[in-house]
Each structure stands twice: as structure tokens, then as C-alpha cells.
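Read through the structure below, which is laid out as C-alpha cells, and then see the notes.
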Amino acid sequence: MKSQRGITVTFLPDERTSVVKQGTTLLEAARKAGVVLPTRCGGKAACLMCKVTIGRESKDAVRPPDEAERRKLGSLLEQDVRLACQTAVQQELNVNVPEDPLKAAVRRRLEAARRGEMDELW
């Protein structure tokens, strides 16, 4: 929702939010929300580390990809993947952040241990 304060961006699955001005990149909004998105290139669309997914229902909530992002992502754009450093907010939206691989592995082991599928965690 666009309020007098700005536009709300929600980062899933943690449901962290930030309120930003129109035109703010998703990378900036993520940092404001305390969401860590890896990046090495300083937001220049060079490292491809800040990939996020935006649902089709939110496609119009962000600016369309520019030529640099199109070249970098190619067919991933068809899967609703965008570079957070290049994607500017236009309207309220939800952004899906991929889970860190190490955290995902730990989470899977903890869940298996809770279900009794493992005697030990490691």
C-alpha cells in the first residue's frame, strides 16, 4: 500500500517489511528491512548474487528490467527472477528471498530430528 510515508515492501519468507520511496531499489529496501541479500558488485548488476523472485501478481509493482538486467538474467526473467540491485519499487509488493544454502541444510536437519528421522543432528 502506498501511504503518505511511502510504499511497503515485504520480504518473504521472514515477512520483514520496509517502507520506501517510489524508485528505491529492492536491495536498498531489503537493507532497510534488515534482510541480507548478498552482493559483491555494489549494485552494478555484475555479480548476479542479489537475485529475488517477484510473483506475477506484483510484476507491475516494479519497473521493467533494463537492458543490462535482461542480458544478465536472460530466461530467468520468465521465471519472475529479478536482480534486487536493479529493480525499482513502484507499488506495494511481496518479494521472495532465496534461502541461504547453509541455513537451508541446517533447517532440514533440525526438522528431520524433530520428526525423529535422525538420532543425532550431525
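Every number here is computed from the coordinates shown, using simple stated rules; none is lab data. Source: prediction; values computed, not measured. Cβ: placed from backbone, ideal geometry, glycine included. Neighbour counts: every protein chain shown.
Taking 7 Å along the Cα-to-C-beta vector as the label spot, tell me the Leu48-Asp14 distance in nanometres, rounded to one decimal.
About 2.5 nm separates the two model spin labels.
On a 0 to 90° scale, report how tilted helix 101-114 is relative to the longest principal axis of the chain, with both axes built from alpha carbons and the result rounded to the nearest 10.
40 degrees
What order, most packed first, do the peptides 80-88, 92-100, 54-62 have when packing is the mean number of other Cβ atoms within 10 Å of each residue? Can you show the working numbers first?
Details: 80-88: 22.2, 92-100: 17.2, 54-62: 14.2.
Result, highest mean first: 80-88, 92-100, 54-62.
Once you sort the root eigenvalues of the Cα gyration tensor of the chain as a ≥ b ≥ c, which label holds: rounded (a/c under 1.5), prolate (a/b larger than b/c) or oblate (the other case)?
It is prolate, given that a/c is not under 1.5 and a/b is the larger ratio.
Between Asp80 and Asp66, what is the label-point separation in nm under the 7 Å Cα-to-beta-carbon projection?
2.5 nm
Estimate the FRET efficiency between Lys59 and Lys103 by the formula 1/(1 + (r/R0)^6), using the beta-carbon distance for r and 22 Å for R0, to the nearest 0.05.
Step by step, r from the Cβ atoms, then E = 0.20.
Post the alpha-carbon centroid distance, region 21-35 to region 41-82, in whole angstrom.
15 Å
On the principal axes of its Cα set, how long, how wide and how thick is region 60-122? Give whole Å, largest value first.
Computed over the Cα atoms, the extents are 51, 26, 18 Å.
Rounded to the nearest 500, what is the chain's calculated 222 nm mean residue ellipticity when only DSSP H runs of at least 4 contribute -39500 (n - 2.57) each, over all residues? Let's see the in-between values first.
Values: 3 runs with 29 residues, N = 122.
Rounded to the nearest 500, the figure is -7000 deg cm²/dmol.
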